[in-house]
Amino acid sequence: MRSELPRLGHQVVVCPDGKSAIQTLETSVFDAAILDLRMPGFNGIEVLEKIKHVSPDTEVIIMTGHASVETAIDAVRLGAFDYITKPTKMAQIEAILRKVAEKRELKHQNLALQSRVQAAEGPTAMVGKSTVMSSVQRLISTIAPTDSTVMILGETGTGKELAARNIFERSKRTDHPFVPVNCGALSEHLVESELFGHRKGAFTSADRDHKGLFEVANGGTLFLDEVGELNKNIQVKLLRFLESGEIRRVGDTEPFRVNVRVICATNRDLREMIKADEFREDLYFRVNTFEIRLPPLRERRQDLPDLARHLLSRAARRPIEQVATLLTPEAIDALLEYAWPGNVRELANVMERAYILAGGAPIAPEHLPYHMLHQEPVTIAFPVTPTASPQPVQPKTLKEVEKEHILRVLEKHQGNKVAAAAELGIVLKTLYNKLNQWQEEEQQQQQRHAG
């Protein structure tokens, strides 16, 4: 190896024993270490353990002329990349080193891809200073450092995956994978294999071993979006993992342990699904250690201007300071008047569209989708209460009817103007304007009476 591997393009350092190998690894970076199993001082397994401590990125290949199943299992369990027996050929060693190089290249590509995705998506911080969003952010800060399971509830487009990533990035697992899974998009026939993996020959098309997403997420976080779409059989296996920490590949007889934090999300009412026997009640209580409810955009309208600027910044791939002034007051008013059935996802698409149409110029209402500017007005029906009075009732003006209705809704919500505005279908700014106008009119009327 000292003479042949350099001819194949590798740089080689030879150490006489395990102790000197550890000392060398403490001062230099190596892609791979080839260890004999029997050495003076530390044996190969002991050196393997120490290498994983001082240089965890170094791949370890164990070589021995005294092979046994037990030592092979120990080596793999401790993180060995491969295990080969002597005598061996240089071609076999070179093939293993090529696999090491391919693995490192794939890792570098993944890191580069993650960097590009993060740059495109922007920071995962959740934008919003409203009361409801402040409560959500405080809850995330509290539960993120724990390993507890979390259930995120909310309508489509409210940002459930963003909340899950936010929890992951504040957790102690950020050095390990975050694996998002859309359960509704998994094939009904292959969902078990996708989640838990399978052995070669487990079914007709299983021509090789397959690592499931639970194994991919080992050490990190698995985000099960739309968990309500999983069938009862998979729900049982998910419950078993949450209770024991063990999974079993399709076609395997023995389970094995993985260390995965599970975060679930759904836009469905799981309690109603339990009543309809579509979701297991015991699983519901397992995945619902902490529950986070993400409000729809119509219930947090005061966050909308800041959120729109944030999404505009992401669409333009420019700092928010450079795009904040591109949203004209008229465009913001139009955004505030819209109902947003698609929530934050719809707002993100609208901002991207508007930025492209405006061509870098200020965004005006005409850059927004047609349906936003021509939505049907809200019709409010008032029941007619029969009266026993024979006297004719003086008809109320539209202004008086509007004032009575707004004050009635405001009283219903105990003075909470955000909730009242949401029920009325108007923006908070409009509600404040009307209240201020009525207050000024009352003051003027009092002054006239006093005069």
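The values are calculated or read from the model by the stated rules, or taken from the named source; none is laboratory data. Quantities reported herein were computed from a predicted structural model and do not represent experimental measurements. With ideal geometry, Cβ positions are generated from the backbone for all residues, glycine too; neighbour counts draw on all protein chains shown.
Worth a mention:
- LEU25 meets the stated requirement of being buried (at least 18 other Cβ atoms within 10 Å of the Cβ) and either in contact with a Phe, Trp or Tyr (Cβ under 8 Å, 6 or more places away or on another chain) or among the aliphatic types (A, V, I, L, M) (or both).
- Residue list for the range 133-171, restricted to those being assigned to a helix (DSSP H, G or I), of a type in the set (S, T, N, Q) and under 22 Å from GLY219 (Cβ atoms): ASN166
- Residues of the range 221-264 satisfying the condition of being among the β-branched types (Val, Ile, Thr) and either surrounded by fewer than 17 Cβ atoms within 10 Å (Cβ to Cβ) or within 21 Å of the chain's Cα centre (by Cα) (or both): THR221, VAL227, VAL236, THR253, VAL258, VAL260, VAL262, ILE263
- Once the range 426-451 is narrowed to residues that are outside any helix (DSSP H, G or I) and under 20 Å from GLY128 (Cα atoms), the residue that is modelled with the lowest pLDDT is VAL427.
- A single member of LEU307, LEU357, LEU311 is within 25 Å of TYR432 (Cα to Cα) and either part of a helix (DSSP H, G or I) or not assigned by TED's automatic domain parsing to the domain that holds ASN433 (or both), and it is LEU307.
- So ARG271, is it surrounded by fewer than 14 Cβ atoms within 10 Å (Cβ to Cβ), of a type in the set (D, E, K, R) and not assigned by TED's automatic domain parsing to the domain that holds HIS367: yes
- Residues that are of a type in the set (S, T, N, Q), in contact with a Leu (Cβ under 8 Å, 6 or more places away or on another chain) and either under 28 Å from GLU281 (Cβ atoms) or at pLDDT 85 or above (or both), drawn from the range 103-158: THR149, THR158
Quick grid of which residues meet (1) in contact with a strand residue (DSSP E or B) (Cβ under 7 Å, 6 or more places away or on another chain); (2) in a loop (DSSP other than H, G, I, E, B); (3) touching a residue at least 24 places away in the same chain (Cβ under 8 Å):
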residue: ALA202; (1), (2), (3): yes, yes, yes
residue: ASP207; (1), (2), (3): no, yes, no
residue: GLU215; (1), (2), (3): no, no, yes
residue: LEU222; (1), (2), (3): yes, no, yes
residue: ASN233; (1), (2), (3): no, no, yes
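So that you can scan it fast, the table gives a plain yes or no per residue for (1) surrounded by 15 or more Cβ atoms within 10 Å (Cβ to Cβ); (2) assigned by TED's automatic domain parsing to the domain that holds PHE241; (3) within 20 Å of the chain's Cα centre (by Cα); (4) not small (Gly, Ala, Ser):
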site: ALA144; (1), (2), (3), (4): yes, yes, yes, no
site: LYS160; (1), (2), (3), (4): yes, yes, yes, yes
site: ALA163; (1), (2), (3), (4): yes, yes, yes, no
site: ASP175; (1), (2), (3), (4): no, yes, yes, yes
site: VAL179; (1), (2), (3), (4): yes, yes, yes, yes
site: CYS183; (1), (2), (3), (4): yes, yes, yes, yes
site: SER187; (1), (2), (3), (4): no, yes, no, no
site: LYS200; (1), (2), (3), (4): no, yes, no, yes
site: ALA206; (1), (2), (3), (4): yes, yes, no, no
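- Just so you know, in the range 398-420 the residues that are touching a Leu at 6+ places or on another chain (Cβ under 7 Å) and at pLDDT 75 or above include one that is farthest from PRO295 (Cα to Cα), and it is ILE406.
- Here LEU97 passes the criteria (1) farther than 24 Å from LEU25 by Cα; (2) assigned to a helix (DSSP H, G or I) except the one numbered (1).
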